[in-house]
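Below you'll find the structure, written out as structure tokens, and then a few comments.
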Amino acid sequence: MSDLPIIQKTYDLIKWYVPILNQLPRDHKFMLGDRIIAGLYDLLEGLIQARYAKEKLPQLRALNTRIDILRHQTRLLLDFQLLSTKRYAYVGQQINSIGGDLGGWIKQQQQQQPA
């Protein structure tokens with residue numbers, strides 16, 4: 001069974017982002033870096049769980065919040081000058097793509113619910 005595109009995108013983001021986060025200075029790595037990493041893994045796990053859940057909407061909505069938190073945490077890295085503008089643009093693009101896919105999934109689930 002092949003992964004949903006959103007799961008693959010999240011997996012790829014983790015592969016790209018975690019090594020960068022692990023190189024943060026100590027005073028940021030153990031707070032912000034570790035929180036972002038945990039959030040990324042939680043997002044991946046949540047997407048996989050939602051894929052198999054009978055009631056997907058509550059899980060998907062919670063994951064939408066997780067993505068928004070991830071956006072803000074990533075922006076903090078830029079504001080603390082711990083992430084280059086180029087890397088920030090790339091990671092922002094990836095997060096937005098995952099968010100767009102998630103929004104589409106939520107919309108599709110809402111349309112499947114009886115009125």
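Each residue in region 68-115 was checked for being under 14 Å from the mean Cα position of the chain (by Cα) and of a type in the set (A, V, I, L, M, F, W, C), and 6 pass.
Being in contact with a Ser or Thr (Cβ under 7 Å, 6 or more places away or on another chain), modelled with pLDDT of 95 or more and on the phi < 0 side of the Ramachandran plot is a description that applies to residue 47.
Residue 74 fulfils the conditions (1) β-branched (Val, Ile, Thr); (2) free of Cβ contacts under 8 Å to residues at least 40 places away in the same chain; (3) in contact with an Asp or Glu (Cβ under 6 Å, 6 or more places away or on another chain) except for a single criterion, (3).
Restricting attention to region 1-14, which residues are assigned to a helix (DSSP H, G or I) and more than 11 Å from the chain's Cα centre (by Cα)? Spell out how you get there, then give the answer.
Of region 1-14, the ones assigned to a helix (DSSP H, G or I) are 5-14.
5, 8, listed by residue number.
Only one entry in 21, 57, 83 is hydrophobic (A, V, I, L, M, F, W, C), touching a helix residue (DSSP H, G or I) at 6+ places or on another chain (Cβ under 6 Å) and surrounded by fewer than 16 Cβ atoms within 10 Å (Cβ to Cβ), namely 57.
Of all the criteria given as (1) surrounded by fewer than 12 Cβ atoms within 10 Å (Cβ to Cβ); (2) touching a Gly at 6+ places or on another chain (Cβ under 6 Å), the one not satisfied by residue 114 is (2). Selection within region 1-39: residues that are out of contact with any Leu (no Cβ under 9 Å at 6 or more places or on another chain) and among the polar types (S, T, N, Q). The member of this set that is farthest from residue 69 (Cα to Cα) is 2.
The values are calculated or read from the model by the stated rules, or taken from the named source; none is laboratory data. As the structure is a prediction and not an experimental result, all values here were calculated from the model. Virtual Cβ from ideal backbone geometry, glycine too; neighbours counted across all protein chains shown.
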